[in-house]
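Asker: Would you mind keeping the following structure in view while I ask a few things?
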Amino acid sequence: KYYELFSLDAKQRAALLQHPLTDRQGERLSMKNSGLHKWSKILVLILDVLLINLSAFLALLLRYEFDFSKLSESGFLDSVKAVAIPGTLVCLLALMFFHVYSNMWKYASSRELLNVAFASLTGAGLFMLTALMFQRHLPRSFPVLFAMVLFLLVCASRFLIAFVPGRHLGLSYFRFGA
């Protein structure tokens, strides 16, 4: 409801813009009171699971310059497959720890981007530690590439959700420009 901001007088608009993480009644915007359906939260979680695994695969492809034959010969793809489930779980925990799910970007700001960046770096480090715990080897460049790709994919997914047609799904929870 973008028009609501323009229906306010100057004083109300200034007060709202000073506190971009609150709504008109002063309630803090979060997953708890954002009006999202429970299943839409699950859809975002499933999307993140897919993005984490896609990021791991793309990080390896970047490392081998998109040469799939070299990647399959290296054996690193088997290592990523072996630690995919625990690695995904630790990455999800990192996203939760940095409140990527609790603040549903009603007003996208640098704070949310920093949270995703820190979660991506932490998740990449934990993914690498998980691989080491399972005695699987990955390239030294993997955590850096994985963190960069994960950051880009998660941010892109959050911004693209704002433009999903059919807002009745409950996934369009972004407002830009605040």
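Asker: Can you tell me how much longer the chain between LEU129 and LEU93 gets when fully stretched, taken as 0.36 nm per residue apart minus their C-alpha distance, in nm with one decimal? Can you show the working numbers first?
Answerer: Working: separation 36, 0.36 × 36 = 12.96 nm, distance 1.40 nm.
In short, 11.6 nm is gained.
Asker: Just the number, please: carbon plus sulfur as a percent of the accessible area of the stretch 91-153, 1.4 Å probe, no ligands or DNA/RNA counted.
Answerer: On the way: 2400 of 3240 Å².
Carbon plus sulfur share of accessible area: 74 percent.
Asker: Here's a follow-up. Can you work out ³J(HN,Hα) from phi for every residue in the stretch 114-122, in order, using Karplus 6.51 cos²θ - 1.76 cosθ + 1.60 and θ = phi - 60°, giving whole Hz and x for Gly and Pro?
Answerer: 3J(HN,Hα) across the stretch 114-122, in whole Hz: 5, 4, 5, 5, 5, 5, 5, 5, 5.
Asker: Which cross-chain or sequence-distant (5 or more) residues have an amide H under 5 Å from the amide H of SER102, H modelled 1.01 Å from N in plane?
Answerer: The answer is none.
Asker: Separate question: Cβ under 13 Å from LEU145's Cβ, LEU145 left aside: what net charge do those residues give with Lys, Arg +1 and Asp, Glu -1?
Answerer: Residues close to LEU145 contribute a combined charge of +1.
Asker: When ligands, DNA and RNA are left out and all protein chains stay put, how many square angstrom of accessible area per residue does the stretch 53-148 have with a 1.4 Å probe?
Answerer: 53 Å²
The values are calculated or read from the model by the stated rules, or taken from the named source; none is laboratory data. The structure presented is a predicted model; accordingly, all values stated were derived computationally and were not measured. All Cβ positions, glycine included, derive from the backbone under ideal geometry; neighbour counts span all protein chains shown. The accessibility values were calculated without ligands, DNA or RNA, using every heavy atom of the protein model including side chains. Shrake-Rupley method; radii C 1.70, N 1.55, O 1.52, S 1.80 Å.
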